[in-house]
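Input: a single structure, listed below in structure tokens.
The values are calculated or read from the model by the stated rules, or taken from the named source; none is laboratory data. Just so it is clear, the model here is predicted, and its values are computed rather than measured. Virtual Cβ from ideal backbone geometry, glycine too; neighbours counted across all protein chains shown.
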Amino acid sequence: MTSPPHGMAMINAFDPAAATALSPRERAMVERRQRLLGPAYRLFYENPLHLVRGEGAWLFDAEGRRYLDCYNNVASLGHAHPRVVEAIAAQAARLNTHTRYLHDTVLDLAEALLATLPPALGPGTGHVMFTCTGSEANDLALRIARAHTGGEGIVVTALAYHGVTASLAELSPSLGEGVPLGRHVATVPAPDAYRGGPDMPARFAADIAAAFAGLARHGIRPCALLVDTMFTSDGVFPDPAGFLAEAAAAARAAGALFIADEVQPGFGRTGGMWGFERHGAEPDIVTMGKPMGNGHPVAGLAIRPELLERFGSRARYFNTFGGNPVSAAAALAVLHVLRDEALPANAATIGTRLLAGLRSLATRHEILGDVRGAGLSIGAELVQDLATKEPATAETTRIVNALRERGVLISASGPGANILKIRPPLCLSAEQADLFLDTLDAVL
Ligand SMILES: Cc1ncc(COP(=O)(O)O)c(C=O)c1O
């Protein structure tokens, strides 16, 4: 397993030892956090942000300074979207209970979600189950997959992140060497077309087959291939569209299910509703979260019904807050806004503009080795040398922090901590996209 080269398990993390460089007010806040929240939390940036308000793609700090948010994969309709705020407030003022009472909103939400999914999981066929977080959704998907397959073996990519529970931390290698992988977990190299060339799709599928075979040799039967369909924490790997279908086929041939983790790419980010659509891949289970409530915690999964039979007949499922009417109202409002404001189409248009702009910057700034993305999920890989592709790790940290100082927020990912991760809200305008490009140009 590869971990970020700077020895910390998180890229772009604030170093508390540098707190002395902060203003007295921020230093006091950092110290208070350390005292109250303990040592496991991380802040972003060398100079952490103290944000107090958001609107659209803008964030405002305690001094009233404005930042262009090019990183937010949660408030993806735009910060504090009025229709979502109104839906939450109206339902909270009326009633909040749980799924042990009849309530229309959770059913309306399930129906609306299924309408966005392919036939095998979709309207009149699929089931939806609700949780509060993406981690819970993945955890539930794994329990269901284990019940269905009778296997335990899970294959993930080399720097995957799938969540925070015990069962997911042990299959999230991006958490670093301090968090060991489970013995039922095998990793495969990320589907990196920049370094892997045209053979990548076939090799990725072969690696998956070999990983399941390796587990089986040790008595661990196949359960699931679990991937973020944009491979965000691995470094954003969208292309060539279609390679994921080949990978899913390899998993199925081994007897495993294909679970598409749409917690990052889902809900319009890639220009379509779901990340797997670009690949023509049909998942057995789709997990979702993050942007599903535009900042309100709501998550879940959609599944082919026959896969749920064994789990459903043996286990009772109740999640106190999963699918509560307030969360369901938030998620339903998100689906309506995505449709009414045509945000997936905007993500496609503005994403194309950003990719073209970044590629144009790459002709003048040799450090930009590769630019890739789908919709508003974009990676820009920084290298020391275009021929050797050696990661420009230190430069990447400087660029991310310099952008922050100039009022533009992004972060980085990848094994070399050298891939700019650009993930603005889906409402980003052409002017805001150009502001991002101009600021990056100046920083480079
Ligand atoms: C791909 C992916 N899956 C799952 C999760 C876990 O979601 P949550 O933090 O809501 O538990 C994340 C969170 O970053 C994620 O990026």
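Data overview
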{"item": "Residue match in region 160-180 (condition: of a type in the set (V, I, T), near the ligand (Cβ under 10 Å from one of its atoms) and either in the same structural domain as H98 (by TED's automatic domain parsing) or touching a residue at least 12 places away in the same chain (Cβ under 8 Å) (or both))", "result": "yes"}
{"item": "Residue among P201, P297, P265, P283 that alone is closer than 30 Å to S327 by Cα and surrounded by fewer than 24 Cβ atoms within 10 Å (Cβ to Cβ)", "result": "P297"}
{"item": "Within region 12-120, strands (runs of 3 or more DSSP E) holding 1 or more residues that are within 16 Å of the ligand (Cβ to nearest atom) and surrounded by 13 or more Cβ atoms within 10 Å (Cβ to Cβ)", "result": "none"}
{"item": "Helices (runs of 4 or more DSSP H) (entirely within region 125-240) containing at least 3 residues that are within 19 Å of the chain's Cα centre (by Cα)", "result": "134-149, 166-169"}
{"item": "Subset of region 130-156 that is in contact with a Pro (Cβ under 8 Å, 6 or more places away or on another chain) and more than 16 Å from the ligand (Cβ to nearest atom) - its residue that is farthest from T187 (Cα to Cα)", "result": "T149"}
{"item": "The listed residue being surrounded by fewer than 16 Cβ atoms within 10 Å (Cβ to Cβ) and of a type in the set (K, R), out of R221, R217", "result": "R217"}
{"item": "Filter result for H127 (away from the ligand (no atom under 16 Å from the Cβ) and within 17 Å of G300 (Cα to Cα))", "result": "yes"}
{"item": "Residue tally, condition within 12 Å of the ligand (Cβ to nearest atom) and over 12 Å from A330 (Cβ atoms), over region 287-314", "result": "6"}
{"item": "Those strands (runs of 3 or more DSSP E) lying entirely in region 353-444 with at least 3 residues over 30 Å from E55 (Cβ atoms)", "result": "368-374"}
{"item": "Condition broken by R269, with the remaining ones in (1) away from the ligand (no atom under 16 Å from the Cβ); (2) closer than 30 Å to T393 by Cα satisfied", "result": "(1)"}
